[in-house]
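Working notes, structure below.
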Amino acid sequence: MDREKERKRFKVFIIVALSSSLIMNFMLLSKVNWLDNQLNQISSEQQNLHSTIDWQTSEIEHVLNKFKEEQSWLGPIHYEVNSKAVEEGQVEVLFKWQVKEWQQGSQVFFNYARGDQDEYVILPAKEIQQGLFQMEIPVEVDVQPSWEVTMRESRSNIEEMSQTEVGEKLGQSSLKYFVSVVFEDVIKSGEIQMESFAYYGTDVYGMIQADVHRDKKNTSVTVMHHQASDKTKVIEEAYLLKYDNELIIDEEQIELENQHGQMRIFHLNQVNRSEANRFAIKVVYRDGSIFEKEIF
């Protein structure tokens, strides 16, 4: 009889203990969920705070810039580009601006220098209406494709990569310019600005990306032509030229492999290096233009 009572007490104890454990676990889980929700809420509030601060900073900068512009005696200089003669290597750039504190009798000048030159050409600006002026400047552009050459060499399971970029050449295609106003003995000058127009020249023939992969046994060449627009001229043929110093000793055609939209892909596998010590890529456009670039 006593044993039966002890067993019942033990069972009751176990049930109570298990129930207590379940209740405690449930409460603990609820607290963990509550803490997790609190942390998520804090994180969300921090993100919102950062977003608000970024927005307010941007707004303050915008207001300050607008205030500075309103207080300035000179409005921003805008320009338009006439690229009708770009294939002849020239674009016409029309600059326009407003002199806010213009006075009768003031002389307004447009000052510019090409490329890295430090000597500025000073020209009297043309007034198109009171306080509004303009100046048209011819800019020479180098009409040729932009090249990017990437060399990959595999040696003992290690791949080394070097890259050579032939980007936009500033030269005569970039302008430094500012506006000055002379009234009696007072001279005011605006900030010097700089703009490059070289991309108008590279847009004619697009960008050529050449990837060369070399290992101990083989060399392969891939040429990708990216057209900047529908007006960009198209490469019809590509060749790998092999030189012995300055003498061409062999020429292999790089076959057109694929075309995706405004990109054409040429590929040549198993390049025979022969006795050549210098290699170059030659591309022939549909209009007959030919360009060449040394790759290695």
- Pick from segment 82-108, criterion surrounded by 14 or more Cβ atoms within 10 Å (Cβ to Cβ) and among the hydrophobic types (A, V, I, L, M, F, W, C), ranking: farthest from LYS126 (Cα to Cα): VAL86
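Output the number of residues of segment 224-244 satisfying the condition of being closer than 19 Å to LEU256 by Cβ and in contact with a helix residue (DSSP H, G or I) (Cβ under 7 Å, 6 or more places away or on another chain). Show your work before the answer.
We begin by selecting, within segment 224-244, every residue closer than 19 Å to LEU256 by Cβ; these are 224-227, 232-241.
Of the ones still in play, those that are also in contact with a helix residue (DSSP H, G or I) (Cβ under 7 Å, 6 or more places away or on another chain) are 232-233.
Looking only at that region, the number is 2.
If I ask for residues that are within 17 Å of ARG286 (Cβ to Cβ) and part of a strand (DSSP E or B), which ones from segment 225-254 would you list? Even if it seems obvious, please write down each step before you answer.
At the first step, the residues of segment 225-254 found to be within 17 Å of ARG286 (Cβ to Cβ) are 225-239, 253-254.
Selection gives HIS225, HIS226, ILE235, GLU236, GLU237, ALA238, TYR239, GLN253, ILE254.
Out of GLN103, GLN41, GLN71, GLN56, report the one residue that is polar (S, T, N, Q), modelled with pLDDT of 75 or more and closer than 30 Å to GLU191 by Cβ.
Details: GLN41 fails: closer than 30 Å to GLU191 by Cβ; GLN71 fails: modelled with pLDDT of 75 or more; GLN56 fails: modelled with pLDDT of 75 or more.
Checking each option against the conditions leaves just GLN103.
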- Item | Selected residue (criterion: modelled with the highest pLDDT) from residues of segment 143-179 that are surrounded by 17 or more Cβ atoms within 10 Å (Cβ to Cβ), over 26 Å from PRO124 (Cβ atoms) and among the charged types (D, E, K, R) | GLU148
- Note on the structure: The lone condition ASP203 fails out of (1) assigned to a strand (DSSP E or B); (2) buried (at least 16 other Cβ atoms within 10 Å of the Cβ) is (1)
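The values are calculated or read from the model by the stated rules, or taken from the named source; none is laboratory data. Since this is a predicted model, take the numbers as computed values, not measurements. Methodologically, a virtual Cβ is constructed for each residue, glycine included, from the backbone with ideal geometry; neighbour enumeration extends over all protein chains shown.
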